């Protein structure tokens, strides 16, 4: 009868032992976590001495090469091409015949206009003769009327005929002027059937053939016959982002790389900056707003051809002997560092903004710890950024890794300089 009671006691004792062991394990884990948490994590970083150097701020843009001076030839009259003495690639001097359009219709129009002009002049001469007679009759009637030898009615009739004749002469004069203008227009249209080279250059594009009919540009765009360009003066036409266009000014130096010429760089000067934006992808997430910038190449290669793609690096500002740090060293933090000791004694209260914007800071090495220092930055190049205030120039600044600077590091964090990576970095700089 006692067996069930003994079994129950054994089970209770076993459960008590198990729960006791579990409790001990939990306590041990908590203690380990607390002990580990009490130790500061050591963050591996790379550093670099803050130094003075020359910094050139640049803007990068892409585009194409084109002649500075080129003329697209379009006819102003319609007709068949009867002469086409040039071909694509030919060099032509100003005044060289490029195209001649069939003149039959325009010659006929000129002859018709000349005939109409001659007829109008004959009519004018007749009207003038009639006016001379009417003038003489009117003067005679006025004399007779003054001597009481003619009636008032006769005087009024003579005057009316004189005024009518005078008006007819004025109308004939206007008709002569109209026909004279028609002759000039017909001559001008006939002259436009022959097109001459407007500049010295090369025929870079020829779009028509002999015997082809072309349309004049009087009421439409007209046929694009050819393009004549001066290839001795080339420019790079590049598109600059709206955020960078404010940095560029006329006269800035640019280095242009043309894809077809490999690593060769052409030096040029910015001479024209667009005022109107060029938008692509309007209304979409890929919307881009650019401005056109023209760069005159100082010494273009004779092998440059219109339409070649290029990349331009425009030097917008240069400062010499300025304090600078690697660009990755500067980060923005929302919180303000606890303590800051600089040559300008920047106060924490001065750093807080009403709109609570992130503050630019760098981390410097201070007794194996990271110290957060607020800074003001200036211009930058591809690798370094100018420091206007916040550091003296002799400090060791943390330059990597990106994760450490942007996220892990904080004021007072314990750091360890990664000497291996530093050695690799110095080797790369020497190269």
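Data for the structure
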| item | result |
| --- | --- |
| 234, 308 arranged by Cβ crowding within 10 Å, fewest neighbours leading | 308, 234 |
| Förster radius 22 Å - calculated FRET efficiency between residue 319 and residue 241, Cβ distance, rounded to 0.05 | 0.45 |
| Percent of C-alpha pairs per 10 Å bin, the stretch 233-318, short to long | 17, 47, 28, 8, 0 |
| FRET efficiency, 1/(1 + (r/R0)^6) with R0 41 Å, evaluated for residue 232 and residue 209 via beta carbons | 0.90 |
| Stretch gain in nm, segment residue 392-residue 188, where the contour uses 0.36 nm per residue and the Cα spacing is subtracted | 65.8 nm |
| Simple label model, 7 Å out from Cα along Cβ direction - residue 383 to residue 90, nm | 5.5 |
| Over the stretch 103-192, equivalent-ellipsoid semi-axes from the Cα gyration tensor in Å | 43, 9, 7 |
| Order by protection proxy (mean Cβ within 10 Å, highest first), peptides 386-394, 299-307, 198-206 | 198-206, 386-394, 299-307 |
| Segment residue 376-residue 299, length gained on full extension (0.36 nm per residue, minus Cα span) | 23.7 nm |
| Extension gain, residue 174 back to residue 49 (0.36 nm per residue minus Cα-Cα distance, nm) | 36.0 nm |
| Förster radius 56 Å - calculated FRET efficiency between residue 333 and residue 72 (Cβ-Cβ, nearest 0.05) | 0.50 |
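Read the figures in this text as sums done on the coordinates, not as results from a lab. Just so it is clear, the model here is predicted, and its values are computed rather than measured. When we count neighbours, we look across all protein chains shown, and the Cβ atoms used for this are built from the backbone with ideal geometry, even at glycine.
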